[in-house]
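For reference, the structure is listed below as structure tokens.
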Amino acid sequence: MENAATETIDYPFVRLEFDGPLAIMTLNDPERLNAMGMEMGEAIATVLNEIAKPRRKCRALMITGEGRAFCAGVNLMGSRKALADGTNKLPVMGGVETFFHPLLRRLHAVSIPVIAAPNGLAVGIGLGMCLAADYVIASDKAWFQAPFKNLASATDSGLGWLLSRNIGMLRTKRILMRAERIDAATALDWGMVSEVAPADGFAARAREVAMEIANDATIALSEIKQIVNVAQRIDLHSALESEAQAVARTSRTKDNVAAIRVFGSKEKPQFSGE
């Protein structure tokens, strides 16, 4: 058993790695392009429980995929088999409300900064997971799609809500109503991702960015995350009050004291996430 600073845990179709303050969750079913079935979803829920344990001291979470894909959406093979067998119940479709959406709610509720690193295609719930992140670094080979209309289905994963707030209504309808593939360069231009990095060396660059965030003033970053997340749902008075309360909380942290101590000098503060 490795020490807690550099530990790897393998779950069904998911690998969790602890690298100091950074937790890295890798969707690990490359033969199926990391399409999400119930077992993978349950493993993701277990990972979210694990990183929340105080003894882990996680300050950021990075999510990426094994192989050439980030996540090819929900695995629909169970639903296809049910139709072939003459069964009327479609297990995956029925699981949207009872399983997949609750899982995404948990991901959105993660208090520490979340970095998505789509290394390849991110489709359906894969795109939803990217949009649940606070920072998205994409490979220049990545692309994004929400092909629900090809299945004669409405969207899930909160994509209508999330995309329209990130890129506007017309672009959202273009993506959803035409099932258009969006390449990494376009996603960056539209505001779907934060940065794009070359595929050659992408894993190392993504980890570098995630580690920079994990070693930053993560209490303050978590407060900023919450301020931004609720900003479009509240009025200005409430936003000012929310910021004042967050400033009061961060002013009591060791990181805040460390930053003020070297303010105005060329010395960089060393943050501990406390």
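For the stretch 196-223, which residues satisfy the criterion of being within 22 Å of Gly67 (Cα to Cα), touching a residue at least 60 places away in the same chain (Cβ under 8 Å) and in contact with a Lys or Arg (Cβ under 9 Å, 6 or more places away or on another chain)?
Filtering the stretch 196-223 for residues within 22 Å of Gly67 (Cα to Cα) gives 196-211.
Cutting the leftovers down to touching a residue at least 60 places away in the same chain (Cβ under 8 Å) gives us 197, 199, 202-203, 205-207, 209-211.
Correct list: Ala197, Ala199, Phe202.
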* Mind listing whichever residues of the stretch 101-120 are buried (at least 24 other Cβ atoms within 10 Å of the Cβ), of a type in the set (A, V, I, L, M) and touching a Gly at 6+ places or on another chain (Cβ under 9 Å)? => Ala117
* **The one condition in (1) part of a helix (DSSP H, G or I); (2) more than 19 Å from the chain's Cα centre (by Cα); (3) at pLDDT 95 or above that Asp200 fails to fulfil** => (1)
* Asked: Are any residues in the stretch 224-250 without any contact (Cβ under 8 Å) to a residue 60 or more places away in the chain, assigned to a loop (DSSP other than H, G, I, E, B) and under 27 Å from Met62 (Cα atoms), and if so, which ones?
  -> Arg233
* Filter result for the condition that a residue is surrounded by fewer than 18 Cβ atoms within 10 Å (Cβ to Cβ), within 16 Å of Pro102 (Cβ to Cβ) and not β-branched (Val, Ile, Thr), over Glu31, Glu42 -> Glu42
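Answer yes or no as to whether Ser111 is assigned to a loop (DSSP other than H, G, I, E, B) and farther than 20 Å from Val47 by Cα.
Working: assigned to a loop (DSSP other than H, G, I, E, B): yes; farther than 20 Å from Val47 by Cα: no.
For Ser111, the condition - assigned to a loop (DSSP other than H, G, I, E, B) and farther than 20 Å from Val47 by Cα - is not met.
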* Asked: Are there any pairs with C-beta distances below 8 angstrom linking a residue in the stretch 252-267 that is at negative phi and of a type outside the set (Phe, Trp, Tyr) to a residue that is loosely packed, with under 10 Cβ neighbours inside 10 Å and not in a helix (DSSP H, G or I), with the two at least 6 apart or on different chains, and if so which?
  -> Val262/Lys268
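Tally up the residues in the stretch 170-186 that are in contact with an Asp or Glu (Cβ under 9 Å, 6 or more places away or on another chain) and under 19 Å from Ala72 (Cβ atoms), please.
Of the residues in the stretch 170-186, the ones in contact with an Asp or Glu (Cβ under 9 Å, 6 or more places away or on another chain) are 174, 183-185.
Retained after the next criterion (residues that are under 19 Å from Ala72 (Cβ atoms)): 183-184.
Matching residues across the stretch 170-186 total 2.
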* Looking at Ser153, Ser222, Ser157, Ser139, which one is modelled with pLDDT of 95 or more and either more than 30 Å from Ala5 (Cβ to Cβ) or in the same structural domain as Arg105 (by TED's automatic domain parsing) (or both)? -> Ser139
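The values are calculated or read from the model by the stated rules, or taken from the named source; none is laboratory data. All values reported here derive from a predicted model rather than from experimental measurement. Quick reminder, even Gly has a Cβ in these numbers, built from the backbone with ideal geometry, and neighbours come from all protein chains shown.
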